[in-house]
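To start, the structure itself, in structure tokens.
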Amino acid sequence: MSTYSCGTTPAPFGFAVGAAAAEEQSRATAQVLAELPPGLWLQVTHPGLDVPEMQAMRPAWDPAGESIARARAADTAMLTSDAVAAAIRENNLELVGYRDLHSAECQ
């Protein structure tokens, strides 16, 4: 079994919403991916769609606040963007699943 340096990727973006924010989120994520040192990294996102079911959901910390639908849709747009796909391809990054994370030995 291999031993890896492990961690979570830096998050240069916050709770982004809308098409322009999703585009900025894509650029920022692509830059983070391009600058990662070798190792095993976890990128945490919350993808979703801006649909009635998601629009009915509110964040637990602000149940009377704005729906989470637009922010979740921005995460989906970022994850499926050409910029992020290119960063993964150009930097020879390998996408893995949770099984790989569970079995990795991290320093």
Label-point separation, residue 53 to residue 80 (7 Å along Cα→Cβ), nm:
1.5
Taking 7 Å along the Cα-to-C-beta vector as the label spot, tell me the residue 62-residue 31 distance in nanometres, rounded to one decimal.
2.5
Tell me which residues come under 5 Å, amide H to amide H, from residue 40 once H is placed; ignore anything under 5 positions away on its chain.
5, 6, 7
Spatial separation of Cα centroids for the stretch 32-50 and the stretch 59-104, in angstrom
6
At a 10 Å Cβ-Cβ cut-off, how would you order 67, 103, fewest neighbours first?
103, 67
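Computed from the coordinates by the stated procedures, all read-outs in this text should not be read as laboratory data. Computed from a predicted model, the values in this text were never measured in an experiment. Virtual Cβ from ideal backbone geometry, glycine too; neighbours counted across all protein chains shown.
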